[in-house]
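> First, the structure itself, so that you have it in front of you.
The values are calculated or read from the model by the stated rules, or taken from the named source; none is laboratory data. None of these values were measured; they are calculated from a predicted model. All Cβ positions, glycine included, derive from the backbone under ideal geometry; neighbour counts span all protein chains shown.
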Amino acid sequence: MVGRIGRPHGVRGEATVEVRTDDPGARFRVGVALRTDPAGRGPLTITAARWHRDVLLLAFEGYDSREAVEALRDTLLEVPVAELPDLEDPDAFYDHQLVGLAARLPDGTPLGEVTAVRHEGAELLVVRRVDGGELLVPFVAAIVPTVDVPGGFVVVDPPEGLLDL
């Protein structure tokens, strides 16, 4: 996922977009067609892209009014995995590589499963705990020292109190 469509902006069919990519300039160019989730809408082709303060505004082919864009609210914008460039940094991961990994403590005790990655200034792994509930884990090497995508797990070495939240 590279973004999520938010509320309409103005009356000419622009939508605010919650950016979930580190390269918005490449992902949100005029003429780019992005897959959607839910997929029933088919791909959306960008007809205009601009920044308004720190908010990305996009317009899409066939959606030229505030009401039309309102119907797109909360639609996820995606790029096919095959189109993603290889990451040069061995400690960098795409969100889709992390979601679904088992989370365990350093001693091997199961903690849960990574269900999402949140980008809120810092990256956070959302872990659905084995005993119920969710845990937000800062995705930094000191707390997540091991990411084994082929092995299907991450090791979480929580600081004191993190598991109590």
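> Answer yes if at least one residue in the range 148-157 is touching a strand residue (DSSP E or B) at 6+ places or on another chain (Cβ under 7 Å), part of a loop (DSSP other than H, G, I, E, B) and either within 24 Å of Arg20 (Cα to Cα) or among the charged types (D, E, K, R) (or both), and no otherwise.
yes
> Which one of Val11, Val32 is β-branched (Val, Ile, Thr), farther than 26 Å from Pro85 by Cβ and free of Cβ contacts under 8 Å to residues at least 60 places away in the same chain?
Being β-branched (Val, Ile, Thr), farther than 26 Å from Pro85 by Cβ and free of Cβ contacts under 8 Å to residues at least 60 places away in the same chain holds for just one of Val11, Val32, which is Val11.
> Under 9 Å between Cβ atoms, which residue pairs at least 6 apart in sequence (or on different chains) link something in the range 138-165 that is among the charged types (D, E, K, R) with a partner that is assigned to a loop (DSSP other than H, G, I, E, B)?
Once the first residue is among the charged types (D, E, K, R) and sits in the range 138-165, its partners that are assigned to a loop (DSSP other than H, G, I, E, B) give Asp148/Leu101; Asp157/Leu105; Asp157/Pro106; Asp157/Ala142; Asp157/Ile143; Asp157/Val144; Asp157/Pro145.
> Can you tell which of Asp86, Asp54, Asp64 is touching a residue at least 40 places away in the same chain (Cβ under 8 Å) and either under 26 Å from Asp37 (Cβ atoms) or assigned by TED's automatic domain parsing to the domain that holds Arg29 (or both)?
Every option except Asp64 fails the conditions.
> Anything in the range 98-123 that is crowded, with 17+ Cβ neighbours inside 10 Å and under 15 Å from the mean Cα position of the chain (by Cα)? List them, or say none.
Hits for the range 98-123 are Leu98, Val114, Val117.
> Just checking, which of Pro43, Pro38 is outside the structural domain of Ala122 (by TED's automatic domain parsing), out of contact with any helix residue (DSSP H, G or I) (no Cβ under 8 Å at 6 or more places or on another chain) and in contact (Cβ under 8 Å) with a residue 24 or more places away in the chain?
Unique residue meeting the criteria: Pro38.
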